Amino acid sequence: MCLGTAAMTCSIERILADAKTLLERLKDHDNAAESLIDQSTILHKRMEAKKDVGTNLPDKYQEDVPDLKDMSKYKPHILLTQENTQIRDLQNENRELWLSLEEHQYALELIMSKYRKQMLNLMVPKTKDETEPVLAVHQMYSAEIESQIDRICAMGEVMRRAVQVDDDQSYKVQERLAQLESTCNCNHIA
C-alpha cells in the first residue's frame, strides 16, 4: 500500500510540475502576444501614414523607422511560424501521449490489484473472518486508485483544453499579423 501511495504522490507531483510548466508557457505566450500587439500597432501606424501621405512617412513617425527596419530582419517569420506550428503540434501530441501513458499505468495498477485480490481468494481458502481485513484493505486501495485515476483524467482534460485554447489564440494572432504584414508589403510595393 505504501508503494502505491508513493507512486500516486510522485505522479501528482509530476502533474503539478507539468501544470507549472504550462503556466510558464502561458506567460511566455502572453509576452509573445504583447510583442505581436506592439508590432501590429507599428504596422497599423505605418498603414495609416501611407494612406494619409502616400508612401512617405510623416515626421511624427520618423522615430519608428529604426523599429520598422529591425522588424524587416524577421522576414522568415512565415517559415518560423510554420516550424513553430509543427513543434507545437508535436508537443501537444507528446503531452497527450504522456497523459495517456499515465492513465494506462494507473488502470493497469487497478487491474493488477483486483487480480491479486482474486488470486488471494482462490489460493487461500480461509474463513471469512480471516480474510475480511485483507479484503477491506484491498477494496480501500482499489477505491483510492480509482479516485486518483478519475482526478488525473480530469486534470489531463483541463490541461488539454487549456493548451488547445492557448494555441488557437496564438494561431489567430499570428495569422492576423501575417495578414497585416502582407497587406503592408503589398501597399508598399504598389
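Tabulated data for the structure shown
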item	result
Estimated vicinal HN-Hα couplings, Hz - region 25-41 in sequence order (Karplus 6.51, -1.76, 1.60; Gly, Pro = x)	5, 5, 5, 4, 5, 5, 5, 5, 5, 4, 5, 5, 5, 4, 5, 5, 5
Region 87-189: relative contact order as a whole-number percent, Cα under 8 Å and 6+ apart	40 percent
Charge sum, other residues only, whose C-beta stays under 13 Å from S100's C-beta, Lys/Arg counted +1 and Asp/Glu -1	-3
Cα-Cα over 31 Å, subset of K50/K172; K20/K45; K20/K172	K20/K45
Local net charge near C153, Cβ-Cβ under 12 Å (Lys/Arg +1, Asp/Glu -1)	-3
Charge tally in the Cβ shell below 12 Å around Y171, where Lys, Arg are +1 and Asp, Glu are -1, Y171 excluded	-2
Per-residue ³J(HN,Hα) for region 103-120, Karplus 6.51 cos²θ - 1.76 cosθ + 1.60, θ = phi - 60°, Hz, x for Gly and Pro	4, 5, 5, 5, 5, 5, 4, 5, 4, 5, 4, 5, 4, 4, 4, 5, 5, 4
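Bear in mind these aren't lab numbers, they're just calculated from the coordinates by the rules spelled out. Predicted model only: the values in this text are computed from it and were never measured. Ideal geometry is used to build each Cβ from the backbone, glycine not excepted, and the neighbour counts take in all protein chains shown.
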